[in-house]
1. Of the residues Ala63, Ala71, which single one is aliphatic (A, V, I, L, M), within 16 Å of ligand 2 (Cβ to nearest atom) and touching a residue at least 40 places away in the same chain (Cβ under 8 Å)?
2. Taking region 88-119 on its own, how many of its residues are within 15 Å of ligand 2 (Cβ to nearest atom), assigned to a loop (DSSP other than H, G, I, E, B) and under 24 Å from the mean Cα position of the chain (by Cα)?
3. Of (1) more than 26 Å from Phe273 (Cα to Cα); (2) more than 11 Å from ligand 1 (Cβ to nearest atom); (3) within 21 Å of the chain's Cα centre (by Cα), Gly4 satisfies all except one. Which?
4. Do we find that Leu170 is crowded, with 20+ Cβ neighbours inside 10 Å and in contact with a Leu (Cβ under 8 Å, 6 or more places away or on another chain) in this structure?
5. If a residue must be within 14 Å of ligand 1 (Cβ to nearest atom) and either outside any loop (DSSP other than H, G, I, E, B) or over 22 Å from the mean Cα position of the chain (by Cα) (or both), how many such residues does region 40-73 contain?
6. How do the helices (runs of 4 or more DSSP H) wholly within region 271-354 filter down when requiring 2 or more residues that are closer than 20 Å to Val65 by Cβ and small (Gly, Ala, Ser): which remain?
7. With the checklist (1) under 14 Å from Leu201 (Cβ atoms); (2) out of contact with any Leu (no Cβ under 7 Å at 6 or more places or on another chain) in hand, flag the one item Ser78 doesn't pass.
8. Scanning region 28-60 for residues that are surrounded by fewer than 16 Cβ atoms within 10 Å (Cβ to Cβ), more than 25 Å from Leu85 (Cβ to Cβ) and aliphatic (A, V, I, L, M), which turns out nearest to ligand 2 (Cβ to nearest atom)?
Amino acid sequence: MKLGIIGLPQSGKTTLFNALTRGNQPIATSGGRFEVHTGVVDVPDGRVDRLSAMFKPRKTIYAKVTYADIAGLEGGSSNISGALLNQLTQMDGFVNVIRCFEDESVPHPSGSVNPGRDITAMDAELLLNDLIAVERKLERLAEERKKGGGRDKAIIEREIVLFERFKTHLESDHPLREIELSAEEEKTLAGFGFLTRKPMLILLNLAEGQAAPAIQYPHARSAVVALQGKLEMDIAQLSADDAQLFMEEYHISELGLNRVISLSYDLLGLQSFFTVGEDEVRAWTVRRGASAVEAAGVIHTDLAKGFIRAETVPYHDLVSLGGMAEARGKGKLRLEGKEYIVKDGDILHVRFNV
Ligand SMILES: Nc1nc2c(ncn2[C@@H]2O[C@H](COP(=O)(O)OP(=O)(O)O)[C@@H](O)[C@H]2O)c(=O)[nH]1
Ligand SMILES: [Mg+2]
């Protein structure tokens, strides 16, 4: 799963990226030109810590999310093309970094700090590009209908209706993520990667001690979160012990970063299930609503192919009972088939045969 960190130049994208990845990318080098840095981040999960303490495995592995720091968007009416568009299209969702901090030594590209304006500017840029893509698709469909002899006419008509609906929606300044689609329609869209269809986390980048501005962003599959970007980057670069001391001194109980990571995970419609044992305690990622056989396939394709049954126990039962043997003894370990819908926090043990 991949999230693209976007935003205007000098909004704090690279600062956030460094905080998330504990990285050291140079700040403000691109001058707004296209540039991408990618890093993989553990999804913090207290349940994994707890399971690891319980099983004392050789390895403890957290779920992962990839973040890409994507410079090059400018907001407004520029036409996104080439490598930048290609990068954006590949993302599963976006984190839009909105500058809230004032700093005279860091000029804002629009001359002043105004979070509401910047949110609109970035949305407008994504909307416009989706609109261009939709119009192009409609032109191709009209040609296909005229020419005939290819795909079934009814299919072409259905697609035209769908893309016309998109067009109307975009023209009234609404992102495509607000539209509910059937599974069939969703399939038609595969390979398009419409930008406004992707989940969006608006990240308000605050100065140290600054209160978050009140921002309304009432769109589906979207959320707003505030973070002191620079402070978090500084903390991320300390050793674990020093970070602890620092946080106590500044009365920070939870890192904003951790909230950003969990929020982005939720926004992507993902959940975790766990495998446990002496060798390894591990969190795995599946979409919410995934079946047991789908979850097995995340671990290994052989487990999906040769799936027999999954032994499963909810995290809370396992922890309160103290172990797999105890869970089995109390009848809390269930045997589930391929169709079982995996719940967040399930411990799974897949029995398979290949
Ligand atoms: N005062 C302050 N400066 C920040 C903050 N976040 C970023 N900056 C500064 O803003 C400039 C641009 O940051 P950068 O992360 O490179 O922005 P990008 O262009 O969006 O990648 C740098 O000089 C940062 O030090 C913040 O929270 N407070
Ligand atoms: Mg940057």
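1. After applying the criteria, what remains is Ala71.
2. Residues in region 88-119 being within 15 Å of ligand 2 (Cβ to nearest atom), assigned to a loop (DSSP other than H, G, I, E, B) and under 24 Å from the mean Cα position of the chain (by Cα): 0 in total.
3. (1)
4. yes
5. Within region 40-73, residues that are within 14 Å of ligand 1 (Cβ to nearest atom) and either outside any loop (DSSP other than H, G, I, E, B) or over 22 Å from the mean Cα position of the chain (by Cα) (or both) number 5.
6. Here the list reads 292-299.
7. Condition not satisfied by Ser78: (1).
8. Per the criteria, the residue is Ala53.
All of the numbers you see were taken from the coordinates with simple rules; none came from a lab. Computed from a prediction, not measured in an experiment: that's the story for all the values here. A quick note on method: Cβ atoms are made from the backbone with ideal geometry, for glycine too, and the neighbour counts reach across all protein chains shown.
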